[in-house]
Structure formats: C-alpha cells, structure tokens
1. What 222 nm value per residue comes from the helices of the chain, counting each DSSP H run with n ≥ 4 as -39,500 (n - 2.57) and dividing by all residues, nearest 500 deg cm²/dmol?
2. Could the peptides 46-54, 135-143 be put in order, highest first, of the mean number of other beta-carbon atoms found within 10 Å of their residues?
3. Using mean Cβ contacts within 10 Å as the protection proxy, how do 24-37, 164-177 order, highest first?
4. Would you work out the relative contact order for the chain, in percent, from Cα pairs under 8 angstrom that are 6 or more residues apart?
5. Once the Cα atoms of helix 25-37 and of the chain are each reduced to a long axis, what angle between those two axes, in degrees from 0 to 90 to the nearest 10, is obtained?
6. Expressed in nm to one decimal, what extension gain is obtained for the pair Ile84 and Glu54 from 0.36 nm per residue of sequence separation less their Cα-Cα distance?
7. Out of every Cα-Cα pair in the chain, what percent are more than 19 Å apart?
8. For the chain, what is the number of Lys pairs with C-alpha distance below 29 angstrom, counting only pairs 8 or more positions apart or on separate chains?
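Quick note: the coordinates plus some simple rules give every number you see, no bench work behind them. As the structure is a prediction and not an experimental result, all values here were calculated from the model. Neighbour counts run over all protein chains shown; Cβ positions are idealised from the backbone, glycine included.
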Amino acid sequence: MDYDLRSYFKLLKDPRRTQGQRHSLENILTIVIMAILSGCQGLRGFARFASSNEPELVSLFNLKHGVPCYYTFQSLLTSLNEGIMADLFMDWMKQQHLVIPDVYIALDGKAVRSTVSGGNNAAQNFSSVVSAFGHQSGLVYGMQSFQNNKSGEIQALRDLVNKLGLVDKVFTVDALHTQKKHLT
C-alpha cells in the first residue's frame, strides 16, 4: 500500500513561473499539510510553522534556501485550482479505503467564513464546502466546494458521493438531504 501523498502532488501542474523558484510544489504542499495536522490555520500559521520547525524541515526536505516564507505560501496557494487538488486528494484516499474500517460516513456542508459578497440582497453569494468524514477513523474521505448562487448543497453532496464511489457504507446526513424528491 502506497501512503505517499507527495507522489500525487507531482501530478499537479505548478502554476508559478519557473524563474526564481526556490521551493518545489511538493515540498510546499507537504509543509502545508504538516502545518494543518499540527493545528495551524491560514497562510500566517503555515509560515509560522515553517519558521518554527526550520532545522527539521531543511534537513528532511534538503531545502537549500531555507523554508518557504509567507509570500511563497500565498502565491502558490492562491493560484492552485482547488478542484484539481480535491480530486487528487480523493484519488489518494480511494487507495486507502482498503485499510480504513469506517462503516459510517458523515456527510455535511459548511459555509466558508469571510467569503460573503453581494450583501443582504438577491445577489448575495458565498462559498461552501461539503465533506465526507469517517466516524471511526476520524479521516476526511473527500470534499467539494460550491458557490451558493451557482449550485446548492444537495447537488454538491450528490456529486461528492458519486466521486468517492464508496460501497457498503452507511451515510449520515442532515435532514435537508432526506427529502423524498432528493433521494436517489
């Protein structure tokens, strides 16, 4: 069983221009995941994690120029396509299903803070994310983002379940998803 998520990062096209690059895409994304697993949130948290653990990260990843700074995290993460990242993550998680004993999968949607635009009128828009979470393992199987003015949570959740391809699982959902006309 291959647990190496970095091999999936190599499938991504680096959106940055090659001139002046000091850190590989794989290294930056791996540091971001390590920071998230350590409880860090946001670009500043990722940069603080990198600088706090600089000796270990330099040694681990053989970083010639030290750890990435805040602006490196910002330029890379704001230019990556989150849909492609989510699909790669789900492909990686599908390989792990053989060893994940979850029978119950929680499906839920959440609005993303600070993404509201258009005020309190008909043009209001915000970003949301639906995710699949294993009850026993505590692992996220996958997630999918959507804009409320283009789609809804019901359709995004259906798309996520179809992408995951999970069988012999029990899904727990909000009452919103138990409407007779929405069940398949």
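1. Numbers: 7 runs with 73 residues, N = 184.
Rounded to the nearest 500, it is -12000 deg cm²/dmol.
2. Numbers: 46-54: 18.4, 135-143: 15.7.
The peptides rank, most packed first, as 46-54, 135-143.
3. Final packing ranking: 24-37, 164-177.
4. This gives 17 percent for the chain.
5. Once rounded, the angle reads 60 degrees.
6. Using 0.36 nm per residue and subtracting the Cα-Cα distance, I get 7.9 nm.
7. 66
8. For the chain, the number of qualifying lysine pairs is 24.
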